[in-house]
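Peer 1: For reference, the structure I am asking about is given below.
Please treat every number below as a calculation from the coordinates, not as lab data. Please read these numbers as outputs of a predicted model, since none were measured by experiment. We place every Cβ from the backbone using ideal geometry, glycine too, and count neighbours over all the protein chains shown.
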């Protein structure tokens, strides 16, 4: 599966590292260019070109809620017929806003991993962070059971 992760901080980079390890084709982007270069050099992403969102099967938005809204508004043209998820702990606000911004062809399932660390940022990524973690999954009625299974 081709996966694009927006936000390569602690959570996004941990997702990228694990998803790459299990054989997915992972692309990513962070607003910090040094983080993008590190992730590419370490082999946890194949590219940090935002245009790769267009061909992704799954897009994971690993940003703070307000940054998620801003990012999607600015780059809405890249979102076509993909499965989109976010990892934010703020659900109602994001769900309502994103469903009004994203094209109707997008399948949106929000989730939140019950995982984290006391430190943040790319350098603290942890490939085992999500092992045995519980996840909250929110169905937006813009996805089917198959999409929910992908998120699981």
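Peer 1: Determine the pairs where a residue that is more than 17 Å from residue 147 (Cα to Cα), located within segment 94-107, has a partner that is part of a loop (DSSP other than H, G, I, E, B) with Cβ atoms under 8 Å apart, the partner being 6 or more residues away or on another chain.
Peer 2: 94/88
Peer 1: Sticking with this one: Against the conditions (1) farther than 16 Å from residue 81 by Cα; (2) within 17 Å of the chain's Cα centre (by Cα); (3) in a loop (DSSP other than H, G, I, E, B), where does residue 118 fall short? Just the number, please.
Peer 2: (2)
Peer 1: Follow-up. Within segment 116-136, track down each residue that is surrounded by 15 or more Cβ atoms within 10 Å (Cβ to Cβ) and in contact with a strand residue (DSSP E or B) (Cβ under 7 Å, 6 or more places away or on another chain).
Peer 2: Within segment 116-136, 130 is the sole residue that qualifies.
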